[in-house]
1. Any idea how many residues of segment 107-118 are farther than 21 Å from residue 151 by Cβ and in a loop (DSSP other than H, G, I, E, B)?
2. Looking at segment 113-147, which of the residues that are closer than 23 Å to residue 96 by Cβ and in contact with a Cys (Cβ under 9 Å, 6 or more places away or on another chain) is surrounded by the most Cβ atoms within 10 Å (Cβ to Cβ)?
3. All but one of (1) out of contact with any Ser or Thr (no Cβ under 6 Å at 6 or more places or on another chain); (2) over 18 Å from residue 42 (Cα atoms); (3) assigned to a loop (DSSP other than H, G, I, E, B); (4) touching a residue at least 40 places away in the same chain (Cβ under 8 Å) hold for residue 121; which doesn't?
4. Being of a type in the set (A, V, I, L, M, F, W, C), in contact with a strand residue (DSSP E or B) (Cβ under 9 Å, 6 or more places away or on another chain), part of a loop (DSSP other than H, G, I, E, B) and more than 18 Å from residue 118 (Cα to Cα): is that true of residue 139 here?
5. Can you tell me which of 105, 98 is crowded, with 17+ Cβ neighbours inside 10 Å, in contact (Cβ under 8 Å) with a residue 12 or more places away in the chain and of a type in the set (A, V, I, L, M, F, W, C)?
6. Output the residues belonging to segment 45-78 that are crowded, with 21+ Cβ neighbours inside 10 Å, farther than 22 Å from residue 164 by Cβ and touching a residue at least 40 places away in the same chain (Cβ under 8 Å).
7. Scanning segment 28-40 for residues that are assigned to a strand (DSSP E or B) and small (Gly, Ala, Ser), which turns out nearest to the chain's Cα centre (by Cα)?
8. Quick one: how many residues across segment 41-68 are assigned to a strand (DSSP E or B) and of a type in the set (D, E, K, R)?
Amino acid sequence: MSLVGTPSDPQPLRADADVARFRRAMARFATGVTVVTARVAGVDHAMTASAFTSVSLEPLLVLVCVEREARFHDAVTESGYWGVSLLDESARTISQWLSTRGRPLHGQLDRVPHRRGPVTGVALVDPALAAIECRTTDLHPAGDHSIVVGEVMSIDLPDSPDGPLLYHRGAYTHLR
């Protein structure tokens, strides 16, 4: 059985692919945990994200995938600038709070230690292994998400005694 489409049938065959199976498969991919932030009309917006990666070294580009139905989607697309904080393992409660659906929009960072980025003024969460400020360069629709590509404007590498906050098989974990 071929899983690749033919020129007369450009759609690939879908043997046993469904949402539940896909979620289980993706849960097996260990990933770092980030908080992505944006500021619109003086209001901070934030979300926990694991769908973040580097794209290019020339120019310096990164991307984050944002669900279109999420409140954060409108904020990041409207702002044009955003920050990414790569969380260390001591930031688990921050990650959990900022991934809670329905949390209050105003004041959502009141209980989260953060500072303002020197270039864009977006909130950068502490504690973090790294913090990056970005300017949106591209926005690509992709299913129920948008791929937001950003040019890196600043990089902060604070000293952290902790390792990365990781997510694997539906749970937080750490390096062994």
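1. 7
2. 122
3. Condition not satisfied by residue 121: (2).
4. Criteria not met by residue 139.
5. When all the criteria are applied, what remains is 98.
6. Of everything in segment 45-78, those that are crowded, with 21+ Cβ neighbours inside 10 Å, farther than 22 Å from residue 164 by Cβ and touching a residue at least 40 places away in the same chain (Cβ under 8 Å) turn out to be 45, 76.
7. Looking at the filtered set, the residue picked out is 32.
8. Pass one, segment 41-68, residues assigned to a strand (DSSP E or B): 43-49, 52-57, 60-67.
In the following step, the residues that additionally are of a type in the set (D, E, K, R) were identified as 44, 67.
Total satisfying the criteria: 2.
The values are calculated or read from the model by the stated rules, or taken from the named source; none is laboratory data. No experiment lies behind these values; they were computed from the predicted model shown. Reconstructed Cβ throughout: ideal geometry from the backbone, glycine too, with neighbour counts over all protein chains shown.
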